[in-house]
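Asks: Before anything else, here's the structure in question.
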Amino acid sequence: IRTILNGRTVQNSNTRHLLFKPLWIVSWLSAVMTLLPGDVILTGTTLGIGPMQPGDTVSVEIDGIGRLENTVVSDGAKGETDV
């Protein structure tokens with residue numbers, strides 16, 4: 001998985017660096033809730049992304065899955081940003 005901010009790779013990692021392995025995470029979650037096709041499990045992020053500003057473009061790429069790209073916009077509240 002890679003994160004690209006304004007064309008510059010700021011994160012590049014894979015699941016072998018997770019504290020809990022994907023099989024364990026899915027097993028644990030399946031024990032406490034029903035997982036359905038299309039569900040997404042968020043596990044956090046590595047260091048490197050840093051602050052983003054309105055107008056920045058952030059992309060996330062996962063080999064074999066694809067790329068998601070968004071432009072950062074201001075929500076108008078004290079300069080906070082949303083992707």
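The values are calculated or read from the model by the stated rules, or taken from the named source; none is laboratory data. Note that the coordinates shown come from a computational prediction; the quantities given were computed from them, not determined experimentally. All Cβ positions, even for glycine, are placed from backbone atoms using ideal geometry, and neighbour counts span all protein chains on display. Ligands, DNA and RNA are excluded from the accessible area calculation, which covers all protein heavy atoms including side chains. Shrake-Rupley method; radii C 1.70, N 1.55, O 1.52, S 1.80 Å.
Asks: Of all residues in region 57-76, how many are more than 14 Å from the chain's Cα centre (by Cα) and at positive phi?
Replies: Matching residues across region 57-76 total 2.
Asks: Restricting to region 19-57, name every residue that is surrounded by 10 or more Cβ atoms within 10 Å (Cβ to Cβ), aliphatic (A, V, I, L, M) and either closer than 18 Å to Arg2 by Cβ or touching a strand residue (DSSP E or B) at 6+ places or on another chain (Cβ under 6 Å) (or both).
Replies: Within region 19-57, Ile49, Met52 meet the criteria.
Asks: When you look at Glu61, is it open to solvent by 70 Å² or more (accessible area, probe 1.4 Å), part of a strand (DSSP E or B) and at pLDDT 90 or above, yes or no?
Replies: Criteria not met by Glu61.
Asks: Give the residues of region 4-23 that are over 21 Å from Glu69 (Cα atoms) and in a loop (DSSP other than H, G, I, E, B), sorted by residue number.
Replies: Leu18, Leu19, Phe20, Lys21
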